[in-house]
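These notes are about the structure you will find just below.
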Amino acid sequence: MCNMKIGVLALQGAFIEHIKMLQKLGTTAVPVRLPADIEGLDGLIIPGGESTTIGKLAVQYHLLEPLRQFALQNPVWGTCAGMILMAKDIGRDQPLLGVMDIVVERNAFGRQIDSFETGLDVPALANGSGPAAPFPAVFIRAPRLVAANGETEVLATLADGTAVAAQEGHWLVTSFHPELTDDDRFHRYFLSLVR
Ligand code: GLN
């Protein structure tokens, strides 16, 4: 996994955890705060946090358009708020990269269960030696996928059928937070897309 340089958007939210996980996997990981930080990256992670805040700051720092241009050419993974920023349609007006052909609903799990953890079946994480063990998925005021259109493929659903992870070519989105667990399989999966 050497020789790869992955940026993590570091305006707000859980970016340090992503950087640590990438470093643990032997990858060069850098925080992205300025347009110049995007140069030379092989891939980008947009972390969880508050999508409205991340979007506003990205506009303020003149990052939104450079991020969109980068995403059009390169692998990007959005976790939670990052998934919202990747979506073309979230049913409301706020700054987005808006590249991925998905419809996303913010804060989709209501008040009583606004945070929860569940073992998620993710066939894409299987490594050839039988089915993948359940992935410990941490949901924090999470969005859900309302629709995955065009070439987008749903990678995981909850028991009730709610879609919570998807991939469209080199773009990956998860409603949940793999960086807050010890399980590095989603990070490895993203790095395989970058490679
Ligand atoms: N609720 C947040 C939003 O709508 C996302 C939460 C998260 O990233 N953990 O932006």
Residue selected from the range 165-188 under the condition crowded, with 23+ Cβ neighbours inside 10 Å and among the hydroxyl-bearing types (Ser, Thr, Tyr), by the criterion nearest to ILE19 (Cα to Cα): THR174
Set GLU168, GLU179, GLU153: member being in contact with a His (Cβ under 6 Å, 6 or more places away or on another chain), modelled with pLDDT of 95 or more and charged (D, E, K, R): GLU179
Pair list, Cβ under 6 Å, 6 or more apart: the range 98-113 residue more than 22 Å from GLU168 (Cα to Cα), other residue among the basic types (Lys, Arg): ASN107/ARG141
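The values are calculated or read from the model by the stated rules, or taken from the named source; none is laboratory data. Owing to the predicted nature of the structure, the values given are computational and were not obtained by experimental measurement. All Cβ positions, even for glycine, are placed from backbone atoms using ideal geometry, and neighbour counts span all protein chains on display.
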